[in-house]
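A short reminder: the numbers here are calculations on the coordinates, not readings from a lab. Every value quoted in this text rests on a predicted model; they were computed, and no experiment measured them. Cβ sites come from the backbone with ideal geometry, for glycine too, and all protein chains shown count toward neighbours.
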Amino acid sequence: MPANRRRPATENLDRSMRPTVRGLFTTPAGLLSVALLTVELVGGIQSYVTSTVTPLAAEALHGESMYGLAQGANQVGMFLTLPLGAYLAEGYSRSRLLLAFTGLAIVGAVVGAAAASMSWYVVGRGLTGLSSGALATIAMNVVATSLPHRWRRLVLAGYAGMWVVTSLVGPLYASWVSALVGWRWTMVLYLPLLVGARFLVARHLPGSAPSDDAPKDRLNVGASIALATGIALVSTAGSTPLPSALSAAIGTATVLLAARSLLPAGTARMRRGRPAALALLGILTSVYFGASAVITIVGHDRFGLGPAGVGLLLTLGGLGWAVVGLLGGRRPTPNDGGLLLRLRCGGGLLAASLMLVALAPIAGERRVALAALFLGWTAAGAGMGLCYLELLVRIVDRPLIDDGITASRAAAAAVMVEMIATALATTATASAFSIGASTTVVTAVYSVLAAGAGLLVVFLSRMMEKTKGGRRR
């Protein structure tokens, strides 16, 4: 068998092994799964810490004018090392990489917490971003290459559940610790849990390096720099000498060109196999997270919801995603036809729910409008639950056809597609709402996003035609 056609070692494990509660704490796969889910939980808490602390730090350090720079530094660092993490994971010990980049994350958190000026806080955010970008691709590489099939699906489904827990625990931790002992301690008190979780992942990895035997890709330094530069232009549009629209357009074009050279060939054309699934994942995440970035603005500005109401809106959307995702994870599709039917249903539900959110501001009676808003966003989460896990599993698992893409590269590509699509979409929708969350703007933005979800359904139909006859034997 040619080297580039070998399957990862985990594919040779017993596929009939069913995850059990006891197995979570008694088997290597179970212990690794628990560690990975804990890392995801801590990562979610970290995101809420950042959202809470950055405005407090800017006020305390008299650096309100550098608020955008603090946000941009993290994003630039993250996108700069996304490809680096994928490259390193293919040829170096992932255990050592996890611990090394965790150390960098600790340094970034400590620098930010001890910052005497906003400039040093920005440096800390940049170091944290450098760590986050590499760790995102390394962690997905671990999921794709070090877990048996059923455990892999369980972990990917469990990620959604972890974010529901995070949505409850994260804001509580961040606000409580900030009020009790100050924002600086908020940035470091959770670090022992982060170190412990990453150490458990490193300890329970089955090998020191991934098992893919395909030739290693070269690190495309130019594309990595272009990706980070483009994201910087998009995220800081309005803060540069260029007009906002021009800066965003140049940044978006730069990101797309860089992504094309970093992602597997055929992704833009939706070539059969993993490239098509990657393209669909990009459309799906851009639609949902673009809507998610401004749903709180809609709830607050258009409907007058307070913190409790906005929190309930976000929680219902997260629960819709988590519950449907977990149910789908327990009952995987038996064949390719079932998979694509589920994806088309999820895309259609997402399109219809976002259209309902778009119509909510122009509904007559307030109670009817609020019902449309809450129902629409909950259904949008359910649509994501139907689609997201199935696409992600198809990317990191065995493809419909042999496309010559290793599991480790596919996992890295999935992370890059999702993060790039999310960054571009959230920036675009936030920019649209910067002119004011009027009824016309709300309806227009969500109508465009609903049309994007409808386009997803069309592409899924095209994917179905492409994959006929390409089922696994």
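Each principal axis of the Cα cloud of the stretch 23-218 was evaluated for its coordinate range; sorted largest first, these ranges are 52, 37, 22 Å.
So between L341 and V188, what do we pick up on full extension, going 0.36 nm a residue minus the alpha carbon distance? Before the final figure, lay out each step's value.
On the way: separation 153, 0.36 × 153 = 55.08 nm, distance 4.56 nm.
Length gained between L341 and V188: 50.5 nm.
Could you work out the relative contact order of the stretch 23-218, using alpha carbon pairs under 8 angstrom and six or more residues apart, expressed as a whole percent?
Dividing the mean separation by the residue count of the stretch 23-218 yields 38 percent.
Projected label points at I362 and T26, each 7 Å from Cα along the beta carbon direction, are separated by 6.0 nanometres. Do any trypsin sites (Lys or Arg not before Pro) in the stretch 256-357 lie in a loop, going by DSSP, with at most 14 other beta-carbon atoms within 10 Å of their beta carbon, and if so which? Those satisfying the criteria are R269.
At a Förster distance of 30 Å, what's the computed FRET efficiency of W120 paired with A308, Cβ-Cβ distance as r, to 0.05? So, using R0 = 30 Å, E works out to roughly 0.25.
R203 sits among other residues whose Cβ lies under 13 Å from its own Cβ, and their net charge, with Lys and Arg +1 and Asp and Glu -1, is +3. Remark: the Cα gyration tensor places the stretch 268-400 in the prolate category, a/c being 1.5 or greater and a/b exceeding b/c. Residues of the stretch 70-103 with an amide N closer than 16 Å to a point placed 7 Å from the Cα of V221 along the Cα-to-Cβ direction: 80-85, 87-88.
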